[in-house]
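Contents: one structure, followed by commentary.
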Amino acid sequence: MLHGRSLSNLNLFPIMSSCLLHPRCILLAALAFLCVWAIFGPSGLRKELSFTPPMPAPAAPAPPLSLPHLLIPNVGACRSSGSQPFLLILVSTAPEHQEQRDAIRASWGALREIHGHLVRTLFILGEPDDSRWENIKEVLRWEAQVEGDIVQAAFTDSYRNLTLKTLSGLAWAARYCPNVHYVLKTDDDVYINVPGLVAELDKREKDLQQRDPNRDRTVQGEAKAGERESEQPTRRPPAVPHLYLGHVHWRVYPSRLKGSRHQVSEVQWPSERGAFPPYGSGTGYVLSAPVLRLILRAAGAVPLIPVEDIFVGVIAKRVGVAPTHNSRIAGAARYPIDRCCFGRILLTSHHMEPWEMKSAWELVRGSSGNGDKPLCSWLQETLGMLRCWMLNWWYF
Ligand SMILES: *[C@@H]1O[C@H](CO)[C@@H](O)[C@H](O)[C@H]1NC(C)=O
């Protein structure tokens with residue numbers, strides 16, 4: 001009982017108030033807070049959290065997807081560089097957005113290789129609405145021929161057809177880029193920190209491979225200890241993790257607002273199902289190759305919800321893949337153009353006008369082209385996401 005009494009007699013208030021008088025104590029408290037922030041805060045060591053546990057894989061096979069055929073199939077786009085890319089970036093764009101496409105081509109879209117990992121950026125679009133755009137078909141065909149980075153499918157390009165656009169792009173990737181490790185789906189007003197994203201994905205793959213060989217060794221060891229095995233070690237395909245990475249939205253309920261771009265009907269998502277499963281914001285989410293295949297296989301079983309990122313989240317849940325949140329993927333937030341945030345901390349950044357895309361690129365790359373100035377000072381680097389959030393709050 002002595003313990004209980006001494007604990008209940010322990011009054012924290014005088015301790016805390018006397019602490020405030022000592023600078024060293026304040027410093028210690030601040031340090032402790034920083035440590036807690038670094039470990040548990042959203043910007044720190046645990047940059048991401050997976051909030052939903054993986055679900056068991058579904059049983060019912062889905063009917064095959066019937067997707068619009070390709071008008072500009074660009075079947076060789078993935079092979080043109082010899083070997084297949086590590087990362088394929090699918091940029092969802094509209095036929096009339098040539099300025100946005102050119103800004104991407106002149107900025108981050110020009111990057112083709114990061115530390116030996118090939119990167120390919122392609123634009124995916126539908127058919128222009130004939131009544132409004134008379135000559136755009138010709139211009140588009142010309143652009144596709146000159147740039148070689150356009151895939152066009154036969155559906156009317158409209159906001160409510162975005163799910164069809166994403167599915168067409170993903171199906172293209174699975175078919176014509178079969179050895180790609182990761183696919184990033186993004187939009188033409190998003191700045192992508194390509195080196196940062198490749199490094200992030202590469203790190204995850206290395207982590208997986210480091211865990212994998214050990215398991216292999218024990219399996220082989222057990223086989224040797226047991227009976228004579230005719231099995232010989234076969235060359236294993238590269239271990240690509242199951243990954244659905246993005247800026248995750250939780251507990252989003254369907255909008256029933258008539259005429260809204262995000263309207264989801266009662267048939268597409270009945271009210272009794274409640275909120276949508278968590279999904280990665282359509283401004284930028286990564287699907288690894290195994291997840292891409294799972295999603296395409298199951299897509300035919302789900303009503304075509306016209307909001308593409310929610311649609312992908314719904315199928316992901318169906319196939320038992322939980323999205324992984326990464327706060328460096330900015331989602332819909334807009335950030336002021338800042339060398340450190342754009343070049344190092346953020347992986348994606350939304351709401352970029354074509355000129356902003358180019359000026360961000362110039363800033364990150366350094367106007368001399370060889371980027372001799374460091375991207376971040378040590379303080380900026382230490383503050384990381386926290387500083388980018390503060391800038392965002394300060395400017396917008
Ligand atoms: C989507 O594309 C199809 C095929 O071109 C078209 O029939 C349909 O009207 C489009 N939907 C919208 C909402 O634009």
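The values are calculated or read from the model by the stated rules, or taken from the named source; none is laboratory data. Just so it is clear, the structure is predicted and the values come from calculations on it, not from any experiment. Note that we place each Cβ from the backbone using ideal geometry, even for glycine, and neighbour counts take in every protein chain shown.
Descriptive notes on the structure:
- Considering residues of the stretch 347-359 that are surrounded by fewer than 23 Cβ atoms within 10 Å (Cβ to Cβ) and not polar (S, T, N, Q) only, the residue farthest from the chain's Cα centre (by Cα): 355
- Long-range neighbours under 9 Å by Cβ, at least six apart or interchain, first residue farther than 13 Å from residue 322 by Cα within the stretch 286-306, second part of a loop (DSSP other than H, G, I, E, B) and of a type in the set (Phe, Trp, Tyr): 303/269; 305/269; 305/276
- The one condition in (1) at pLDDT 95 or above; (2) in contact with a strand residue (DSSP E or B) (Cβ under 9 Å, 6 or more places away or on another chain) that residue 296 fails to fulfil: (2)
Conditions (1) within 16 Å of the ligand (Cβ to nearest atom); (2) more than 25 Å from residue 202 (Cβ to Cβ); (3) in contact with a helix residue (DSSP H, G or I) (Cβ under 7 Å, 6 or more places away or on another chain), marked per residue:
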| residue | (1), (2), (3) |
| --- | --- |
| 268 | yes, yes, no |
| 274 | no, yes, no |
| 277 | no, yes, yes |
| 298 | no, yes, yes |
| 322 | no, no, no |
| 325 | no, no, no |
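- Residue within the stretch 360-374 that is closer than 19 Å to residue 91 by Cβ, modelled with pLDDT under 95 and surrounded by fewer than 24 Cβ atoms within 10 Å (Cβ to Cβ) present: yes
- The single condition among (1) in contact (Cβ under 8 Å) with a residue 40 or more places away in the chain; (2) surrounded by 14 or more Cβ atoms within 10 Å (Cβ to Cβ); (3) not hydroxyl-bearing (Ser, Thr, Tyr) that residue 99 does not meet is (2).
- Meets criteria (small (Gly, Ala, Ser) and surrounded by fewer than 21 Cβ atoms within 10 Å (Cβ to Cβ)) for residue 148: yes
- Flag if residue 121 is of a type in the set (Val, Ile, Thr) and either closer than 30 Å to residue 265 by Cβ or part of a helix (DSSP H, G or I) (or both): no
- Subset tally (residues that are surrounded by fewer than 23 Cβ atoms within 10 Å (Cβ to Cβ) and either among the hydroxyl-bearing types (Ser, Thr, Tyr) or within 16 Å of the ligand (Cβ to nearest atom) (or both)) for the stretch 170-185: 2
- Within the stretch 145-169, tally of residues that are among the acidic types (Asp, Glu), more than 9 Å from the ligand (Cβ to nearest atom) and outside any helix (DSSP H, G or I): 1
- For residue 331: the one exception among (1) of a type outside the set (Asp, Glu); (2) outside any loop (DSSP other than H, G, I, E, B); (3) touching a Ser or Thr at 6+ places or on another chain (Cβ under 9 Å): (2)
- Residue 314 meets each of the listed conditions (1) at pLDDT 95 or above; (2) closer than 24 Å to residue 199 by Cα apart from (2).
- Residue in the stretch 310-332 that is free of Cβ contacts under 8 Å to residues at least 24 places away in the same chain and buried (at least 22 other Cβ atoms within 10 Å of the Cβ) present: yes
- Summed over the stretch 123-144, residues that are surrounded by fewer than 20 Cβ atoms within 10 Å (Cβ to Cβ) and either within 16 Å of the ligand (Cβ to nearest atom) or under 17 Å from residue 102 (Cβ atoms) (or both) total 12.
- Filter pass, residue 147 being at negative phi and touching a strand residue (DSSP E or B) at 6+ places or on another chain (Cβ under 7 Å): no
- Total residues in the stretch 178-200, condition outside any helix (DSSP H, G or I) and either among the hydroxyl-bearing types (Ser, Thr, Tyr) or under 15 Å from residue 286 (Cα atoms) (or both): 12
- Positions within the stretch 113-153 being at pLDDT below 95 and of a type in the set (Lys, Arg), in sequence order: 132, 137, 141
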